[in-house]
Amino acid sequence: MESAADLGQTSPAASARPPREPAMADDERPSRRIALPLSPLFTALLLAAFLLPGVIGRDPWKVDDALGISIAWGTQEGNGLLPRLAGEPYFEDGPLFYWVAGALGSALEFMVPFHDGARIAAMLFVLAALWFVRLAARELYGEPQGQLSMLALLGCLGLFVHAHEASADTAMLAGVAATYYGIAIAWKKPYKAAAFFAGGATVAFLARGIFGCAPPLIAALLLVPFAAAYRARSYVLAVGLGLTLFLVLAAIWPITLATLQPGAWATWWSDQIASVTQPPTTARALYFLKTLTWAAWPAWPLAFWAVWAYRRYLRDPGFAVPVVATLVTLVLLVFTRSQRTIEVLAVLVPLAIPAGAAAVSLRRGASSALASFAVVMFGLIAVSAWVLWFAWHTGFPAQLHANVAKLTPGLVPRKEWLRMATAIVITASWAALMLGAQRTSLRALTFWAAGVALAWGLAASLWLTAVNYTQSYRSIATALRAALPPNPGCIASRGLVEVSRGVLHYHGGILTERREIGRGAQCRWLVVAGRVGDRSAEPGPGWKLVWEGQRPRERERFRLYRRA
């Protein structure tokens with residue numbers, strides 16, 4: 001794909017203030033070190049080290065991974081128009097991610113379990129998000145900035161776990177990233193820009209509903225008057241065409257659902273409105289503010305620096321839209337119903353795009369400080385991971401072995417040579433990059449992203465079995481299913497959260513009728529969930545306890561009762 005530089009052109013933002021060349025030590029010979037920005041091969045290896053480990057070979061993990069896989073599994077039932085969780089409609093998200101995850105999970109079942117195939121869909125969406133962020137930043141600022149913006153998104157700590165979960169938010173990330181790419185090229189290719197703008201916004205809407213598509217759309221519309229004032233007619237044309245096309249594309253699914261299931265559409269739409277119109281509270285605002293300080297690191301301080309460095313040129317829509325979209329998302333978070341860490345993913349893409357521009361022009365002191373911090377922190381994490389793994393498998397030192405055993409009660413470690421080899425390769429590659437990379441300002445984000453890939457790679461290789469043991473619901477679901485007769489009839493439930501209902505359906509084929517919504521009163525069987533020692537949810541006289549159990553190191557306990 002040709003960039004502005006390839007065509008002999010520069011975008012308004014890039015021409016307004018050309019970024020300073022990356023600082024390089026005078027005695028450095030680039031040919032003797034790993035060149036920065038990384039070559040396509042090294043970039044692909046870095047992405048593979050972050051995205052591939054842990055995709056297959058593990059059960060659905062709590063909470064969002066297990067929830068997304070359960071919904072993808074349940075959505076295959078019925079006509080598939082609306083996401084379904086454990087036999088009930090699920091109104092919080094759109095259907096797109098669950099369509100793709102369900103299709104991949106089913107298509108790849110001859111090779112891997114359904115949940116692994118569904119998780120591959122999330123990996124592909126995250127890869128698309130990273131790629132579109134790179135393209136957007138490259139169009140606005142240049143090739144080095146494009147790669148650094150991609151690495152800024154990869155390095156955001158909030159993406160560390162959520163990038164590897166089968167969640168609809170991964171599809172939202174890909175959609176909004178494509179939308180910003182469309183905006184970035186609007187100044188020179190308005191028709192192509194309109195296509196990406198509309199397509200990306202449609203993906204975001206079908207993934208997460210209003211919350212997914214609102215920030216880039218609102219930001220783009222807010223800047224139309226300013227673009228018109230500065231005669232940026234191509235931007236106005238791209239946004240106008242893109243918005244029209246978006247309304248057409250995004251309307252297909254709602255019209256179909258409203259025609260076939262008018263009640264379901266009305267409920268979904270009202271739930272979407274309610275999800276982003278809650279009265280704002282100080283507690284919610286503080287929660288998201290505190291969460292963003294670590295989840296958006298290191299993108300947010302770099303994005304702030306970029307806004308300051310380019311403050312005179314914010315009239316350029318390509319640069320201004322991500323900034324305004326960040327502010328719109330922050331405001332929207334205060335009005336959301338949900339208060340979960342995963343909600344902040346919506347703000348990572350617009351922060352990452354300008355972050356790459358700032359990273360190139362960082363002063364040597366700031367760049368060296370971030371690079372050194374990344375080397376020290378992730379180096380300590382790697383040493384700790386290996387030392388604890390050695391203690392767990394060998395019993396030496398005894399105290400470390402005992403500490404790890406407490407975290408995985410009942411699990412006997414076993415040698416897994418392929419995963420150990422993977423961990424060795426990842427660790428050695430990281431060390432080679434730290435020792436052999438050019439000494440330029442580009443090291444900061446490169447080292448940070450490589451450290452994040454190292455940490456995840458070790459967690460998903462050396463420690464995958466241990467983490468899977470503590471985060472999987474399989475043992476509970478299979479034990480509960482074994483306690484039931486082959487044909488139990490209807491099964492009522494009380495106190496089961498969404499993810500619990502989903503994994504009982506996925507792992508055990510158990511569909512429950514919730515007492516909380518007035519169903520299951522005549523059922524002979526009752527599943528109750530509550531904290532250890534809490535008997536408030538017990539059914540009382542007339543019921544006999546048949547089975548009870550809990551996951552390792554969890555205070556939530558499941559009980560199965562039979563009507564006497």
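The values are calculated or read from the model by the stated rules, or taken from the named source; none is laboratory data. All of these numbers come straight from a predicted model, not from anything done at the bench. Note that we place each Cβ from the backbone using ideal geometry, even for glycine, and neighbour counts take in every protein chain shown.
Before moving on, here are some points about what is shown:
- Flag for Val532 being crowded, with 16+ Cβ neighbours inside 10 Å and closer than 30 Å to Ala466 by Cβ: no
- Condition check for Val376: closer than 25 Å to Pro37 by Cα, in contact with a Gly (Cβ under 9 Å, 6 or more places away or on another chain) and among the β-branched types (Val, Ile, Thr): no
- Counting only residues that are among the hydroxyl-bearing types (Ser, Thr, Tyr) and outside any helix (DSSP H, G or I), region 138-158 holds 1 of them.
Residue-by-condition table, conditions (1) surrounded by fewer than 18 Cβ atoms within 10 Å (Cβ to Cβ); (2) charged (D, E, K, R); (3) over 30 Å from Glu92 (Cα atoms); (4) assigned by TED's automatic domain parsing to the domain that holds Trp131:
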| residue | (1), (2), (3), (4) |
| --- | --- |
| Thr281 | yes, no, no, yes |
| Phe319 | no, no, yes, yes |
| Pro322 | no, no, no, yes |
| Ser338 | yes, no, no, yes |
| Ser372 | yes, no, yes, no |
| Phe378 | no, no, yes, no |
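- Within region 309-322, residues that are over 21 Å from Ser234 (Cα atoms) sit with their Cβ atoms under 9 Å from residues that are at pLDDT below 75 and crowded, with 17+ Cβ neighbours inside 10 Å, at 6+ positions apart or across chains, in these pairs: Ala309/Pro19; Tyr310/Ala13; Tyr310/Asp316.
- Only one of the listed residues (Leu124, Leu82, Leu135) is touching a residue at least 60 places away in the same chain (Cβ under 8 Å), out of contact with any His (no Cβ under 7 Å at 6 or more places or on another chain) and closer than 28 Å to Ala184 by Cβ. That residue is Leu135.
- Some residue of region 118-129 being buried (at least 17 other Cβ atoms within 10 Å of the Cβ) and part of a loop (DSSP other than H, G, I, E, B): no
- Filter pass, Trp417 being closer than 28 Å to Asp59 by Cβ, buried (at least 18 other Cβ atoms within 10 Å of the Cβ) and either more than 28 Å from the chain's Cα centre (by Cα) or not assigned by TED's automatic domain parsing to the domain that holds Ala369 (or both): no
Residues are listed down the side, and each one gets a yes or a no for (1) in a loop (DSSP other than H, G, I, E, B); (2) of a type in the set (Phe, Trp, Tyr):
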position: Ala48; (1), (2): no, no
position: Gly57; (1), (2): yes, no
position: Glu92; (1), (2): yes, no
position: Tyr98; (1), (2): no, yes
position: Glu109; (1), (2): yes, no
position: His115; (1), (2): no, no
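- Subset tally (residues that are of a type in the set (D, E, K, R) and not in a helix (DSSP H, G or I)) for region 159-193: 3
- You will find that of Tyr230, Tyr191, Tyr235, the residue that is modelled with pLDDT of 95 or more, more than 30 Å from Phe91 (Cβ to Cβ) and assigned by TED's automatic domain parsing to the domain that holds Val328 is Tyr191 and no other.
- In this structure, Val328 qualifies as buried (at least 16 other Cβ atoms within 10 Å of the Cβ) and within 21 Å of the chain's Cα centre (by Cα).
- Residue check: Ala251 meets all listed conditions (1) in contact (Cβ under 8 Å) with a residue 60 or more places away in the chain; (2) within 26 Å of Ala122 (Cα to Cα) but one, namely (1).
- Selected residue (only one of Thr202, Thr256, Thr277 is touching a residue at least 24 places away in the same chain (Cβ under 8 Å) and not in a helix (DSSP H, G or I)): Thr277
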